[in-house]
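Reading through the structure tokens given below for one structure.
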Amino acid sequence: MIWPILKRDVVLLLGGGRRGGALLPILFFLAVAMLYPFAVGPDAKLLARTGGGVVWVAALLAAILPLDRLVEPDLEAGFFDQWALRGLAEEWLCAVRIFAHWLCFAVPLMLATPIAAVLLGLSGEQLLTLELGLLAGTPGLAALGVAVAAVTAGLRGGAALAGLLILPLAVPLLIFGAGSLSTGGEGGLALTAAASLVLVALCPFAAGAALRAARE
Amino acid sequence: MIATRPFIRANDIACRRGERLLFARLSLAVEAGEALHLAGANGIGKSSLMRILAGLMRPFAGEVEREGAMALLDERPALDTHLPLGRALDFWREVDATPADRLDTVLSAVGLHDLLDVPVRYLSTGQRKRAALARTLAQGAPIWLLDEPLNGLDTASVAVVEKLVAQHCADGGLCVLASHQPVAVPGLKRLELAEFVV
């Protein structure tokens with residue numbers, strides 16, 4: 001039962017349909033990375049020192065874009081009710097959706113990161129730390145995205161509210177993820193992964209509870 | 001054929017929406033082979049009762065017992081509107097592991113074979129209702145919960161739905177349907193929600 005649902009989630013989130021696609025957040029992410037040197041000037045040293053942090057902020061901002069199509073369209077179309085009738089737990093469905101969202105958002109983001117690194121003049125070593133940090137942090141970001149999307153689904157102005165909600169909650173990921181760049185240490189990566197794991201463990205339950213509460 | 005005998009029973013349930021108590025002290029029992037028509041004016045709580053029976057909403061008081069899988073038809077078709085009807089239905093066929101011939105039978109019964117290539121968003125109200133009906137019926141659940149299944153249907157399609165419900169009950173299934181229109185199914189019991197309004 002889960003396989004067709006995961007397949008549908010991925011197809012819907014990747015692109016096609018009326019819900020936009022996975023390309024938009026990535027273009028946004030690259031646009032931020034491209035604009036930053038224009039704003040601070042072509043000082044290579046400054047760019048290399050601050051560029052990693054900019055990539056993290058850009059990734060966080062790009063994560064806001066797909067939020068309004070993560071949960072709400074399916075909730076409105078009655079999909080979640082139909083799944084509930086078939087005995088599928090909301091937590092399970094949200095976990096599947098987190099994985100699908102991660103595949104469609106984080107993987108392209110990590111593929112686009114080398115381009116951003118070139119634009120910002122980051123070294124190969126920095127790029128590697130950055131990619132490892134994103135690999136550790138994005139599952140948490142995806143989990144947070146689905147939970148926030150579930151909480152705000154059906155609310156008026158839900159999209160704007162979702163953006164406001166996810167940013168403060170993602171602060172630990174940002175601090176540890178961007179922090180791993182300046183210390184160059186594995187400690188930062190480990191802490192990013194730890195924060196990410198906590199989010200991945202908690203968010204399906206939060207999202208599931210939010211979906212059930214929305215029915216009442 | 002259906003192995004265990006399905007039933008759905010509600011004991012002394014009440015439903016509250018917001019601050020308003022819609023109905024109270026409502027009990028009903030539908031056993032295998034029976035069909036029940038929930039009747040009443042708009043806004044009286046037919047859909048809420050349906051969602052309580054389906055287990056999607058908690059009753060304010062009382063409890064619901066049921067045996068057997070449920071299929072629910074409501075005002076939302078739960079079909080991807082950008083996909084052709086055939087592929088939108090295919091998703092549920094995969095989820096429900098529906099045998100291909102059963103879906104085929106259902107599609108011929110509701111007359112959708114010619115529309116399988118048409119994207120769901122281009123279907124008319126009645127066609128969309130029939131598509132949702134096909135999804136519900138193809139699920140193969142013994143309990144059918146049909147909320148306003150006749151809305152938007154032409155007279156020929158109404159007759160088809162009535163025949164399908166009668167056939168389902170004859171095969172040992174059960175059906176609860178909510179409608180403000182008259183429904184002609186042999187042996188159909190009727191429950192007037194107006195009697196339980198407080």
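Structure summary
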| quantity | calculated |
| --- | --- |
| The stretch B:104-122, subset within 14 Å of chain A (Cβ to nearest Cβ) and in a helix (DSSP H, G or I), residue most open to solvent (accessible area, probe 1.4 Å) | B:Y122 |
| Hits in the stretch B:135-152 - residues which are of a type in the set (D, E) and open to solvent by less than 20 Å² (accessible area, probe 1.4 Å) | B:D147 |
| Flag for A:C94 being touching a Cys at 6+ places or on another chain (Cβ under 9 Å) and in a helix (DSSP H, G or I) | yes |
| Contacts under 6 angstrom Cβ, first residue in the stretch B:12-28 being more than 15 Å from A:E216 (Cβ to Cβ), partner at pLDDT 90 or above and of a type in the set (V, I, T), 6 or more apart | B:L26/B:I13 |
| Residue that is surrounded by the fewest Cβ atoms within 10 Å (Cβ to Cβ), among those in the stretch B:60-96 that are at the interface with another protein chain (Cβ under 10 Å from one of its Cβ atoms) and β-branched (V, I, T) | B:T81 |
| Condition broken by B:V165, with the remaining ones in (1) in a loop (DSSP other than H, G, I, E, B); (2) open to solvent by less than 60 Å² (accessible area, probe 1.4 Å); (3) away from chain A (no Cβ under 13 Å) satisfied | (1) |
| B:D101 vs. criteria open to solvent by 10 Å² or more (accessible area, probe 1.4 Å), away from chain A (no Cβ under 13 Å), over 30 Å from B:L22 (Cα atoms) and of a type in the set (D, E, K, R) | yes |
| Looking only at the stretch B:123-133, and only at residues there that are assigned to a helix (DSSP H, G or I) and more than 15 Å from B:L89 (Cβ to Cβ), the one that is most open to solvent (accessible area, probe 1.4 Å) | B:T125 |
| Subset of the stretch A:161-214 that is open to solvent by 30 Å² or more (accessible area, probe 1.4 Å) and under 30 Å from B:M50 (Cβ atoms) - its residue that is modelled with the lowest pLDDT | A:A214 |
| Top-ranked residue of the stretch B:25-59 - restricted to ones that are of a type in the set (K, R) and within 14 Å of chain A (Cβ to nearest Cβ), ranked as most open to solvent (accessible area, probe 1.4 Å) | B:R58 |
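The values are calculated or read from the model by the stated rules, or taken from the named source; none is laboratory data. Please read these numbers as outputs of a predicted model, since none were measured by experiment. Cβ coordinates were reconstructed from backbone atoms using ideal geometry, including for glycine residues, and neighbour counts include every protein chain displayed. Accessible surface areas use protein heavy atoms only, side chains included; no ligands, DNA or RNA. Shrake-Rupley method; radii C 1.70, N 1.55, O 1.52, S 1.80 Å.
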